[in-house]
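In what follows, a single structure is set out as structure tokens and then discussed.
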Amino acid sequence: MAILTDDLALQTWLLFWQGVILSDNTLIANAYQVTSILHQKSMLKRFNKFIP
């Protein structure tokens, strides 16, 4: 289960950064939605540091 969780966190980060690099708000919103659904408040805080 830990491998799946780590992979999901990595995939979410990749989705977020892809959105940032491509300036695609839809990808960024999808990354936020995934973290919200999974109740990953620490990851949401990290995302918020990069988005003004």
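Just one of the listed residues (L27, L44, L8, L14) is at pLDDT 90 or above, in a helix (DSSP H, G or I), aliphatic (A, V, I, L, M) and surrounded by fewer than 16 Cβ atoms within 10 Å (Cβ to Cβ), and it is L14. Annotation: P52 fulfils all but one of (1) in a helix (DSSP H, G or I); (2) at pLDDT below 90; (3) open to solvent by 90 Å² or more (accessible area, probe 1.4 Å); the unmet one is (1).
The values are calculated or read from the model by the stated rules, or taken from the named source; none is laboratory data. Computed from a predicted structure; not experimentally measured. Counting neighbours? That spans all protein chains shown, and the Cβs are built from the backbone with ideal geometry, glycine included. The accessibility values were calculated without ligands, DNA or RNA, using every heavy atom of the protein model including side chains. Shrake-Rupley method; radii C 1.70, N 1.55, O 1.52, S 1.80 Å.
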